Amino acid sequence: MPSAIVDARRLRVLNLANNRLHGVLPSAMGDLDKLHDLDVSHNPLGPKGAGSIASALVSLPALTRLQLSGTGATDAGTVAVAEALSAARDRAR
């Protein structure tokens with residue numbers, strides 16, 4: 001993923017669907033604290049990718065929409081994502 005995207009700290013919507021992203025997303029995704037909508041659907045991220053998304057989500061308190069369909073996220077990955085979303089909301093309060 002280009003670092004210019006990650007440097008866009010005011011970004012509110014990020015659609016990365018169908019971009020053939022593999023594996024782990026950059027940890028700097030967590031710096032996008034204004035992000036409301038993230039779509040990474042239909043990318044072969046797999047379990048590691050879901051884990052990296054979960055790590056970033058803790059720092060994304062504004063996120064209200066997350067699309068993960070077709071990413072190959074496992075049950076464990078989706079549970080990690082759900083827990084991270086809950087933690088981010090608790091932090092925002």
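Taking LEU68, LEU25, LEU14 as the candidate residues, the one with maximal mean-square fluctuation in a Gaussian network model of the chain, Cα springs under 10 Å, is LEU14.
Phi angles of the range 50-64 translate, via the Karplus equation with coefficients 6.51, -1.76, 1.60 and θ = phi - 60°, into HN-Hα couplings of 5, x, 5, 5, 4, 4, 6, 4, 4, 9, 10, x, 7, 5, 10 Hz per residue; Gly and Pro are given as x.
Across ALA80, ALA17, ALA28, mean-square fluctuation computed from a Gaussian network of the chain (C-alpha pairs under 10 Å connected) peaks at ALA28.
Estimated from helices alone, the mean residue ellipticity of the chain at 222 nm is -11000 deg cm²/dmol (sum of -39500 (n - 2.57) over DSSP H runs with n ≥ 4, per residue). Oblate is the label for the chain. Its Cα gyration tensor axes, ordered a ≥ b ≥ c, give a/c of at least 1.5 and b/c at or above a/b. Surface composition of the chain: carbon plus sulfur atoms hold 51% of the accessible area, using a 1.4 angstrom probe and ignoring ligands, DNA and RNA.
The values are calculated or read from the model by the stated rules, or taken from the named source; none is laboratory data. From a predicted model like this one, the values you see are computed outputs, not experimental measurements. For the accessible areas, the whole protein counts, side chains as well, though only heavy atoms, and no ligand, DNA or RNA atoms are used. Shrake-Rupley method; radii C 1.70, N 1.55, O 1.52, S 1.80 Å.
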